[in-house]
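Enquirer: Pasting a structure here, questions to come.
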Ligand SMILES: Cc1cc2nc3c(=O)[nH]c(=O)nc-3n(C[C@H](O)[C@H](O)[C@H](O)COP(=O)(O)O)c2cc1C
């Protein structure tokens, strides 16, 4: 696929199916993720792959995170089924460290760029993918169950699989609405 076409046409795909992608496809996803821009080469990320029955265990964590909330069987089943929406879920974890020059925000941004690279690599290989977060990306029970440490943050759950059904249309965004040419300015006297 032409690189610009890939960048211009990627869309998120919510309806995903098929089998766990094979190892060569997975390697391409992660090689792309590891090429994210990274101030100081801190590699401020790690990735968990969740497929097969591990997805059920993740669903159990989502249910456990509800604590004492009383859920109907239907609500419980809905929550559990969330993790079965794709054959593969990649949890992108930002690994944040104290650094004298590189703020943690930049490390987080770098991990987010890795997530986006991974989405693009999925698209480039004919797969669909979508980045999701929600409460379950921040809940202590889920974080603990996934082994996410205090200095780490879940950047997102990337659902990856074969595209099922139609994908949504590209949004018709005008470049001009978002891009302004700054003409330059001189500091005001006295400041
Ligand atoms: C950090 C982040 C978190 C997101 N979380 C969710 C989510 O929990 N649920 C959801 O439906 N979409 C979520 N989205 C939005 C989708 O990933 C997607 O970008 C959106 O549906 C627009 O589709 P598009 O990527 O094709 O433009 C999230 C996006 C980002 C960047």
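Values in this text are rule-based calculations from the coordinates and carry no lab data. Not measured: the values here are computed from a predicted model. Positions of Cβ are backbone-derived with ideal geometry, glycine not excepted, and every protein chain shown enters the neighbour counts.
Enquirer: Out of segment 150-191, which residues are free of Cβ contacts under 8 Å to residues at least 24 places away in the same chain and either closer than 21 Å to residue 104 by Cβ or touching a helix residue (DSSP H, G or I) at 6+ places or on another chain (Cβ under 9 Å) (or both)?
Expert: Of everything in segment 150-191, just one residue is free of Cβ contacts under 8 Å to residues at least 24 places away in the same chain and either closer than 21 Å to residue 104 by Cβ or touching a helix residue (DSSP H, G or I) at 6+ places or on another chain (Cβ under 9 Å) (or both), namely 150.
Enquirer: Then there is this: Does any residue of segment 154-172 turn out to be more than 30 Å from residue 5 (Cβ to Cβ), under 14 Å from the mean Cα position of the chain (by Cα), assigned to a loop (DSSP other than H, G, I, E, B) and within 13 Å of the ligand (Cβ to nearest atom)?
Expert: Taking every residue of segment 154-172 in turn, none turns out to be more than 30 Å from residue 5 (Cβ to Cβ), under 14 Å from the mean Cα position of the chain (by Cα), assigned to a loop (DSSP other than H, G, I, E, B) and within 13 Å of the ligand (Cβ to nearest atom).
Enquirer: Do any residues in segment 131-147 that are assigned to a loop (DSSP other than H, G, I, E, B) have Cβ atoms under 6 Å from those of residues that are near the ligand (Cβ under 9 Å from one of its atoms), where the two are at least six apart or on different chains, and which pairs are they?
Expert: What qualifies is 133/156.
Enquirer: Quick one: how many residues across segment 1-38 are more than 16 Å from the ligand (Cβ to nearest atom) and either assigned to a strand (DSSP E or B) or over 14 Å from the mean Cα position of the chain (by Cα) (or both)?
Expert: Residues in segment 1-38 being more than 16 Å from the ligand (Cβ to nearest atom) and either assigned to a strand (DSSP E or B) or over 14 Å from the mean Cα position of the chain (by Cα) (or both): 20 in total.
Enquirer: Further question on the same structure: Could you list, in sequence order, the residues of segment 39-51 that are under 29 Å from residue 87 (Cα atoms) and outside any strand (DSSP E or B)?
Expert: Within segment 39-51, 43, 44 qualify.
Enquirer: Further, regarding this structure: Which one of these is without any contact (Cβ under 8 Å) to a residue 12 or more places away in the chain and under 18 Å from residue 32 (Cβ atoms): 109, 119? Can you show your working first?
Expert: On the way: 119 fails: without any contact (Cβ under 8 Å) to a residue 12 or more places away in the chain.
When all the criteria are applied, what remains is 109.
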